[in-house]
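Working notes, structure below.
The values are calculated or read from the model by the stated rules, or taken from the named source; none is laboratory data. The structure displayed is predicted, hence computed values, not measured ones. Ideal geometry is used to build each Cβ from the backbone, glycine not excepted, and the neighbour counts take in all protein chains shown. Accessible surface is based on the protein model in full, side chains and every heavy atom, while ligands, DNA and RNA are left aside. Shrake-Rupley method; radii C 1.70, N 1.55, O 1.52, S 1.80 Å.
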Amino acid sequence: MKRFHQFLIPAVIFGIIVTAVFYVDRSERRNAQALDARTLQDILGETDVRLSTAINDRILLTRSLAAVVEADPRFALANFDTITRRLTQGLSGLLSLQLAPGGIISHVTDPARNRAVLGFNMLADPKQRLAAERSIRDKALVLAGPIPLR
């Protein structure tokens, strides 16, 4: 019996230590998961703001160009490069901005890079026709795609 008591006290102490380590570890894992979740929410929030801002900037860009065209189409066509250079200043990732009177692209930003698109008839292309017709009919910005770029 005395021998049993010699092992009982160390076994109880060992059990208490193991239990305490288990609970501390479990608590630390929960804290780490909560921190990870908050960090992820912060990252997603920042990404949401950046993406929303980028989309809104591009929508404002197209609306601004549309306002100039509506106010004076001849002026807009004659000064397309100057207008678009000013409107796109500071925007990155913009591949092209185009004017397409009657559905045929006649003006494009960065013409050296986007030369292949000049003269393209969006109304004759089955992949773009519906969106182009809707935009003309509704006189509104229409998002469509994905569409292979020329």
As I understand it, the dipole of the chain uses +1 on the Cβ of Lys and Arg and -1 on the Cβ of Asp and Glu, about the Cα centre. Which of Met122, Phe75, Ala34 lies farthest toward its positive end?
Ala34
Cα-based radius of gyration of the chain once divided by 2.2 N^0.38 Å, which approximates compact folds:
2.14
What does the accessible area per residue of region 1-115 come to in Å², with a 1.4 Å probe and no ligands, DNA or RNA counted?
79
Excluding ligands, DNA and RNA, the carbon-plus-sulfur percentage of the accessible area of the chain with a 1.4 Å probe reads 61
Any idea what angle helix 129-138 forms with the longest principal axis of the chain, computed on alpha-carbon atoms, 0 to 90 degrees, nearest 10?
80
In debye to the nearest 20, how big a dipole does region 11-141 give about its Cα centre with +1 on each Lys and Arg Cβ and -1 on each Asp and Glu Cβ?
320
Between Leu61 and Thr39, Cβ-based FRET efficiency (R0 30 Å, step 0.05) works out to 0.35
Charge sum, other residues only, whose C-beta stays under 11 Å from Leu143's C-beta, Lys/Arg counted +1 and Asp/Glu -1:
+2
For region 18-150, what relative contact order do you get, as a whole percent, if you take Cα pairs closer than 8 Å and at least 6 residues apart?
13
Roughly how big is region 1-82's charge dipole about its Cα centre, with Cβ charges of +1 (Lys, Arg) and -1 (Asp, Glu), in debye to the nearest 20?
860
Surrounding charge for Asp36, neighbours by C-beta under 14 angstrom, Lys/Arg +1, Asp/Glu -1, total +1
